[in-house]
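Below is one structure; the comments refer to it alone.
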Amino acid sequence: MGESPKQPLQLSFNASLKIDFQGSRVTSDRGLILVRELGERLGFGESIQQHLTDSRRGRNTQFPFDDLLRQSVYSRLAGTKDLNDAERLSQDPTFRLIGSEKIWDRGAALTSRLQSFETEMLAQEENFAGLARLNRALIGKAGSLWRRLVLPKRIDKWSLTSLQQRLVKTGGRLVKHARYYRLLLAESHLTRRLFASMVRRIELLPLPAG
């Protein structure tokens, strides 16, 4: 990650994504990029593979299992109340970029696909038990590390509601170039310096075992 204030910031989970800042607010939820970077450092994808089972076959695998779970989890972190917002979020640049390369251009899952994923696939007995194991193994740890190691001191006392509204609900605009994407974030509570500070702290977290 570059340190010059004029150079865009880069993240480990998506080498094609560059982060920069601009002065105006365009849209929302760009702070989820930080949550995605933290998840990468903590081995969230590996834990999904370890604890959950994808029983789909053939054309039903259009959307990777990992992408569907991330979309389900991160939409809740963004304050989405129900699955009806999946139609809008499917083309949201953040929800495309936090997934695998397969959905960067195509878009995330629509309401019907995400609903069947949550009510059928995750409700299977083996996955229902797997979610409990995933929660114990990763999410609890991620929550404590996020507060102890990732949040700078000046904001580590913020409530979960404040974190959602001031960090996750951050405006931005996506610009696609030939070989990479540039995400232009609005300067608000989440400033360039604060964003870079949290990325550096995430980089200091231990890599997942294995």
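What follows is calculated from the coordinates using simple rules that are stated; it is not laboratory data. All of these numbers come straight from a predicted model, not from anything done at the bench. Note that we place each Cβ from the backbone using ideal geometry, even for glycine, and neighbour counts take in every protein chain shown.
Relative contact order of segment 28-129, please, whole-number percent, based on alpha carbon pairs below 8 angstrom and at least 6 residues apart.
Here the relative contact order equals 32 percent.
Cβ neighbours within 10 Å, averaged per peptide: list 160-168, 125-133 in order, most packed at the top.
Top of the packing list down: 160-168, 125-133.
Rank these for me by crowding, I33, I48, going from fewest to most other beta carbons within 10 Å.
I48, I33
Relative contact order for segment 63-114: what percent, with Cα pairs under 8 Å and sequence separation of 6 or more? Could the numbers behind the result be given before it?
Values: 51 pairs, mean separation 24.2, N = 52.
Normalised by residue count, the contact order of segment 63-114 is 47 percent.
Between N135 and R166, what is the label-to-label distance in nm when each label sits 7 Å out along the Cα-to-Cβ direction?
Label at N135, label at R166, 2.9 nm between them.
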